[in-house]
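Here the structure is laid out as C-alpha cells; the discussion comes afterwards.
The values are calculated or read from the model by the stated rules, or taken from the named source; none is laboratory data. These numbers were taken from a predicted model, which means no experiment stands behind them. Virtual Cβ from ideal backbone geometry, glycine too; neighbours counted across all protein chains shown.
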Amino acid sequence: MSAPVTTFDQEYSDPAAAATGWEETRGVLETAELFWLSTVRADGRPHVTPVVAAWAEGAVWFCTGAGEQKFANLRANSHVVLTTGCSQWDQGLDVVVEGVAVQVTDDIVLSRVAGAFAAKWDGRWQFTARDGCFRDPDGSGEAMVFSVTPVKVFAHSKGDPFGATRHRFGVPA
C-alpha cells in the first residue's frame, strides 16, 4: 500500500492541533476490536452493524454470512464506510474508512488473512480457508470474506486539542 496524501482541516480543528500521522491512524485500524460497517440497502436506506475485523495487507477485512443483510447490501452496492474509535468526547482517536468492499475467494489469500485474525485475537477467532470462504476450524460454517482497501481515511483526534485529518490514497504525488 502506498503512503497516503495527508491533509489537515483547519476549519474543523483547534488552532493548537496538528495533523494525525498515517502511522498513528493505521495503529488504530490495526488494534481496533470492533468496527461499525455502514452499507446501503437496495431501497437506499442505510444499514449499520458492528463487525469484528482485522487490518492486513493494507486493508480492513471482515466476514459475513450469505443470509445477512450486509451481504445482500454489498451485492447491490459495494461502497462502504467503516468506523472505529471510542465513545468518549474528550479523548482518543476516531477513524473513518471509506472504500469499496471486495469479496475475496482465493483460499491462499484467505489463509493469510485467517492468520491475521487469529494473531490479532489471540486465537479467539479461528478460521480455515476452504472453497473461497472462512469456515470454523472443524470445517463447518461458511462466511464470505470482504476486503476494504481505503480510498479515504479520516482521523478525528478528540480532547485538547481537537483535530481533523484526512488521508487520501491513490492521489498523484
Practice problem: Among what's in segment 51-85 and is assigned to a loop (DSSP other than H, G, I, E, B) and without any contact (Cβ under 8 Å) to a residue 24 or more places away in the chain, pick the residue that is nearest to Ser13 (Cα to Cα). | Solution: Glu68
Practice problem: Give segment 86-122 a look and list any residue that's assigned to a helix (DSSP H, G or I) and among the hydrophobic types (A, V, I, L, M, F, W, C), or say none. | Solution: Ile108, Val109, Leu110, Val113, Ala114, Ala116, Phe117, Ala118, Ala119
Quiz item: How many residues, within segment 1-20, are surrounded by fewer than 14 Cβ atoms within 10 Å (Cβ to Cβ) and assigned to a loop (DSSP other than H, G, I, E, B)?
Solution: 6
Self-check item: Residue ID - surrounded by the most Cβ atoms within 10 Å (Cβ to Cβ), chosen from residues in segment 127-141 that are among the small types (Gly, Ala, Ser) and within 8 Å of Leu110 (Cα to Cα)
Solution: Ala129
Quiz prompt | Lone unmet requirement of (1) over 17 Å from the mean Cα position of the chain (by Cα); (2) under 13 Å from Ala32 (Cα atoms); (3) exposed (fewer than 14 other Cβ atoms within 10 Å of the Cβ) for Arg124 | solution = (2)
Practice problem: Can you work out which of the residues in segment 68-99 that are of a type in the set (A, V, I, L, M), closer than 17 Å to Thr49 by Cβ and under 14 Å from the mean Cα position of the chain (by Cα) is surrounded by the most Cβ atoms within 10 Å (Cβ to Cβ)? | Solution: Val97
Exercise. Inspect all residues belonging to segment 58-66 and state whether any of them is crowded, with 16+ Cβ neighbours inside 10 Å, more than 22 Å from Phe154 (Cβ to Cβ) and not hydroxyl-bearing (Ser, Thr, Tyr).
Key: yes
Quiz prompt | The one condition in (1) farther than 22 Å from Arg166 by Cβ; (2) out of contact with any helix residue (DSSP H, G or I) (no Cβ under 7 Å at 6 or more places or on another chain) that Val5 fails to fulfil | solution = (1)
Quiz item: If you go through segment 30-50, how many residues are assigned to a loop (DSSP other than H, G, I, E, B) and within 11 Å of the chain's Cα centre (by Cα)?
Solution: 3
Quiz item: Is it fair to say Gly99 is within 30 Å of Ala19 (Cα to Cα) and either out of contact with any Asp or Glu (no Cβ under 6 Å at 6 or more places or on another chain) or modelled with pLDDT of 95 or more (or both)?
Solution: yes
Quiz item: Applying the selection to segment 128-161, what residues are at pLDDT 95 or above, in a loop (DSSP other than H, G, I, E, B) and either within 29 Å of Glu23 (Cβ to Cβ) or touching a Gly at 6+ places or on another chain (Cβ under 9 Å) (or both)?
Solution: Glu142
